[in-house]
Every structure is written in C-alpha cells, then in structure tokens.
1. Please give the solvent-accessible surface of residue 60 in Å², to the nearest 10, using a probe radius of 1.4 Å with every protein chain present.
2. Using θ = phi - 60° and the Karplus curve 6.51 cos²θ - 1.76 cosθ + 1.60, what whole-Hz ³J(HN,Hα) does each residue of region 201-209 get, with Gly and Pro shown as x?
3. Pulled fully out, how much extra length does the chain show between residue 31 and residue 172, if you take 0.36 nm times their separation in residues and subtract their Cα-Cα distance?
4. Show me, for region 72-85, the HN-Hα J-couplings you get by feeding each phi into the Karplus relation (A = 6.51, B = -1.76, C = 1.60, θ = phi - 60°), rounded to Hz, glycine and proline as x.
5. Just flag the trypsin sites (Lys or Arg not before Pro) in region 22-90 sitting in loop per DSSP whose Cβ has no more than 11 other Cβ atoms within 10 Å.
6. Label points 7 Å out from Cα along the Cβ direction at residue 52 and residue 98: separation in nm?
7. So, R0 is 22 Å and r is the distance between the beta-carbons of residue 198 and residue 111; what FRET efficiency does that work out to, to 0.05?
8. ³J(HN,Hα) across region 44-50 via Karplus (A = 6.51, B = -1.76, C = 1.60, θ = phi - 60°), whole Hz, x for Gly/Pro?
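The values are calculated or read from the model by the stated rules, or taken from the named source; none is laboratory data. This structure is a prediction, so every number in the text was calculated from the model and none was measured. All Cβ positions, even for glycine, are placed from backbone atoms using ideal geometry, and neighbour counts span all protein chains on display. Side chains are part of the model used for accessible areas, which takes the heavy atoms of the whole protein and leaves out ligands, DNA and RNA. Shrake-Rupley method; radii C 1.70, N 1.55, O 1.52, S 1.80 Å.
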Amino acid sequence: MAIGLGYMFGFKFPENFNYPYTAKSIQDFWRRWHISLSIWFRDYVYIPLGGNRSGNVYIHLLIVFLLTGLWHGASWNFIIWGLWHGFFLIIERILITSKFSLINIPCIIKWLYTMIVVVIGWIIFRAENITYAFDYIKIMFIFKDIELANNIFLFILKDSIILMIFSLMAMFPVSSYLNKINNKVIFNLLQIIKVILYIVLLIMIIVCIVPTTYNPFLYFNF
C-alpha cells in the first residue's frame, strides 16, 4: 500500500517485505520481514550497543527484540513475542558457530521449523492475553478440544478457502517463476489469468470492507 501510494505522489520506496514466508531460518525471516524496521533497529540500536564486535552479542539481540516488541505496544504479548524471536535468533547463532552447522539439514525441514516458530509467535502477538495464547497453542498441537479444532478446520474450508488460495499465491514468488517461462503463448495466458485473479481479489476486498464500520489503518495501532 505504501509503495503504491508513494508511486502516485512521485516517490519510490524500497520493498519492505521480501517473501518472508519462504525463509528457512529466523535470521532469514528477519532479513525479509519488515525490512525498514529491521534496518532501523540494526543501525540505531544493535550497532551502537556493540553489534558483533564488542560486548555480548546475545544480550544485544535480546535488547533489540525486546524493543522491537515494545515498538508494537506496551503489552506483555508484544514483549514475549519480541523475546521469542530473539531467543531463536540466539539459538541459531550458537548453532552456526558450533559443529552442528556442518550437518546438512534438508530445506523443507528448515522451512517447517521457521514457519512453526513464526506462527506460534503470531499467536502470542495477536492473542488478547497470554493465557488465551497458550490455550490456543495447546489446541493446535495437543488437540485436547477436538470439537473446537474440527470447527476451526471446517470454518477454514467453508469460509476462507478462496482467501487462503490468494494468500498462498502471495506468500511465494509466483510471479518470478512465471517470468521465467520461455513459451510466449503460455506466458501470456498465465499473465492474463494473474490479472483476472488480482481483479477478483480487489473486488473481494471491497465487498468485505464496504459493509464494515470505520476501519483504521493497521499501523495506527503502533
């Protein structure tokens, strides 16, 4: 949205997200997610603290991600979410400097690990309180409340399947794969299909927004 509005006024902003859900580590995720925020904290907090050169790198990371959580709001949810990411960044840094880094782990395993950490983090981030977040995570992994789990699954299938398809298309660099197709007929056909899908998505968004009440911009919350 910001990039598009910027173009309308003659400004060119850099990409702020670079397919973060294709990341294969939490380090890689933060190179791709909210890039401008990551760069700001790197330049104005992490490096002044000493960065990788002086002091305790792990303490620096915890401070940065504690502040990253607080940047989103003065709430325990945000603080724990920031420390959650900081903890896994420290674990990855320790493993990289150990013999464990020599083990060749399949990319799919790296991706699954990253997505599990990120998704659990989003539950902590989004939940009304910490107790609710832990209950939600428990249902996800233990399936203690089978009826509730089934209801969530049916809701996803019934009401959200189209949005999920669009979300999956947005999560992965589909366009870059399409641009590599050499056959012009297939390439042009796929481009037409892509444009049609974008128009359908725009209509769906408008239909969802129109009946609702005042909808403030997301980052007004932070």
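1. So the heavy atoms of residue 60 present about 10 Å² to solvent.
2. 5, 4, 4, 4, 5, 5, 4, 6, 7
3. In short, 49.2 nm is gained.
4. Using θ = phi - 60°, the values come out as 7, x, 7, 9, 4, 4, 5, 5, 5, 4, x, 5, 4, 5 Hz.
5. 53
6. Calculated label separation equals 2.0 nm.
7. Result of the calculation: an efficiency of 0.25.
8. Working through the residues one at a time gives 10, 10, 5, 5, x, 5, x Hz.
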